[in-house]
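Just below is one structure, and these are the notes that go with it.
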Amino acid sequence: MGFCLQCWLTLLLLALLVWASFAYLALDLSRLFSLESGRGMLQFILRFFPPDTSAQFLRKIAGATLETLAISAIGTLLAAGAGLLLALPAAGRLGPVFKALTRFLLNALRSVPELVWAALMVLAAGLGPFAGTLALALHTSGVLGRLYAESLENAPPEPAQSLVESGAPPALAFGYATLPLIAPQLLSYSLYRWEMNIRMATVLGFVGAGGLGQMLYYELSLLHEAQASSVIFAMLALVVFVDAASAWVRRRQMRAGG
């Protein structure tokens, strides 16, 4: 009976918090579902059809799609390398001082959103894909470094200790004993972040970081709804392709792992 009372009190508290949030933000859901709002949204959506499927515009979309894919792939690859290097001291492999300093650095990298990093990189490197790649690499390094460090901390130490006690250098013990144990986890984390970076790479284009996002921003700013619709469909196709490729890699990894 006490547990049920606690559940009801928790639900009541959550309901009060939700109601207070709506009241504080002055959210009026009736406006969203009104006939006038529905008519306005429908008219706006209909302006995006039919999409522009001219050969010249599709070639531009293909180039921007490859650029977005390259930005996300290179940014994730750089972040995976940097994250693994930072994960070693963050997991305490170099002592408590380096652990604290590295974790602070990882927190700083991932606490700054990708859009902010992109704006800074545009100022430093100029408009284009280089700025987007650096922005993704910096933010993702903080995320992957923390995840890799946790994987290292949770890895069983016995295999590496056995090699060290047998006379193997610590670096070889790490490469032959610890790394193979956590490699599937590292790959899963990296693939997941790559999927997220594909979506984020399209958004970074709005601040001039290249790819499909920059193309979409340009078309929307000129009120070219048909062209913007084609870019949106290209974004959707790219995300579906990357999700399928990532799922295929995971399935092969699971089969290889037995």
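Bear in mind that the values in this text are calculations on the coordinates, not laboratory data. Computed from a prediction, not measured in an experiment: that's the story for all the values here. Ideal geometry is used to build each Cβ from the backbone, glycine not excepted, and the neighbour counts take in all protein chains shown.
For the chain, the longest principal axis of the Cα atoms and the long axis of helix 225-256 meet at an angle of about 30 degrees.
If you take every residue apart from V143 with its C-beta less than 10 Å away from the C-beta of V143, what net charge results, scoring Lys and Arg +1 and Asp and Glu -1?
+3
The string of couplings for the range 148-154 from the Karplus curve (6.51, -1.76, 1.60, θ = phi - 60°) is 4, 4, 5, 5, 5, 5, 8 Hz, one whole number per residue in order, with x for Gly and Pro. The order of the peptides 117-123, 130-136 by mean Cβ neighbours within 10 Å, most packed first, is 130-136, 117-123. In this structure the amide hydrogen of A209, modeled in the peptide plane, comes within under 5 Å of the amide hydrogens of G128, none closer than 5 places in sequence on its chain. Per-residue 3J(HN,Hα) values for the range 85-98, derived from phi via the Karplus relation 6.51 cos²θ - 1.76 cosθ + 1.60 with θ = phi - 60°, read 5, 6, 5, 4, x, 5, 8, x, 6, 10, x, x, 5, 5 Hz in sequence order (x marks Gly and Pro).
Label-to-label distance, Y24 versus A55, with points set 7 angstrom from Cα along the beta-carbon direction: 5.8 nm. For the range 1-45, applying the loop criterion from DSSP together with a ceiling of 11 other beta carbons within 10 Å to the chymotrypsin sites (Phe, Trp or Tyr not before Pro) yields F33.
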